[in-house]
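Please read the structure below before turning to the comments.
Rule-based calculations on the coordinates, nothing more; no lab input. Note that the coordinates shown come from a computational prediction; the quantities given were computed from them, not determined experimentally. Quick reminder, even Gly has a Cβ in these numbers, built from the backbone with ideal geometry, and neighbours come from all protein chains shown.
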Amino acid sequence: MEIDLEKLARQARNNAIAPFSNFQVGAALLTTDGIVFTGCNIENATFGLTVCAERVALFKAISEGKREFKKITIVTDSSKLSLPCGACRQLLWEFCGDIEVEIVNLQGGVAFKRVKELLPLPFDKSNFFEPGDK
Ligand code: THU
């Protein structure tokens with residue numbers, strides 16, 4: 001049976017702590033061995049310490065020893081579909097590689113991206129270049 005990542009991300013979103021932005025996000029990250037780690041965004045009074053839903057899911061998975069990932073589903077309540085922030089794109093690239101990114105809203109909208117598409121030139125040694133190149 002196919003794992004319902006959208007449902008899991010939606011459930012995680014209900015745990016979001018977002019009193020400052022009022023923008024609740026849920027994420028469900030699927031490992032290659034079929035385990036799901038969920039996350040929600042967590043804001044706090046110093047704003048800058050906010051952690052996005054994607055990173056919570058990713059760090060939970062990493063701290064449980066997971067290193068190989070297949071897909072992440074992200075749910076928001078935005079009529080226009082919203083994309084992961086730059087910091088999350090970098091971490092998804094570093095720890096997950098070019099996985100599928102499914103973006104969903106509560107209105108039934110859905111879109112599929114890949115990490116490489118969202119972050120074509122990440123901070124990565126393979127992108128270092130000599131002055132004058134590129
Ligand atoms: N946020 C996420 O959790 N994931 C995203 O992809 C974008 C933004 C959170 C951070 C903050 O709590 C709120 O959404 C508004 O930026």
Counting only Cα atoms, I'd like the Rg/Rh figure for the chain, Kirkwood definition for Rh.
1.00
Share antiparallel - DSSP beta bridges, region 5-127, percent rounded to 5
70 percent
For the chain, set up a GNM with springs between Cα atoms under 10 Å and report which of Glu102, Glu64, Glu94 has the largest fluctuation.
Glu64
Which residue fluctuates most in the GNM of the chain (Cα springs below 10 Å): Ala28, Ala53, Ala45?
Ala45
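Under 12 Å from the Cβ of Leu30, count the other residues' Cβ atoms, weight Lys and Arg +1, Asp and Glu -1, and hand me the total.
Overall, the nearby charge balance is -4.
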At a Cα cut-off below 20 Å, give the lysines reachable from Lys60, other chains included and same-chain residues fewer than 8 away excluded.
Lys7, Lys70, Lys71
Can you tell me the length gained on complete extension of the stretch Phe129 to Ala45, counting 0.36 nm per residue apart and subtracting the Cα distance?
26.2 nm
Relative contact order, percent, of the chain when contacts are C-alpha pairs under 8 Å separated by at least 6 residues?
19 percent
Alpha-carbon centroid distance for the pair region 88-134 / region 14-43, whole angstrom:
18 Å
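What does the net charge come to around Phe112 if you take all other residues with beta carbon closer than 14 Å to its beta carbon, with K and R at +1 and D and E at -1? Don't skip to the end; give the middle numbers.
Details: positive: Lys70, Lys71, Lys113, Arg114, Lys116; negative: Glu6, Asp98, Glu100, Glu102, Glu117.
That works out to 0.
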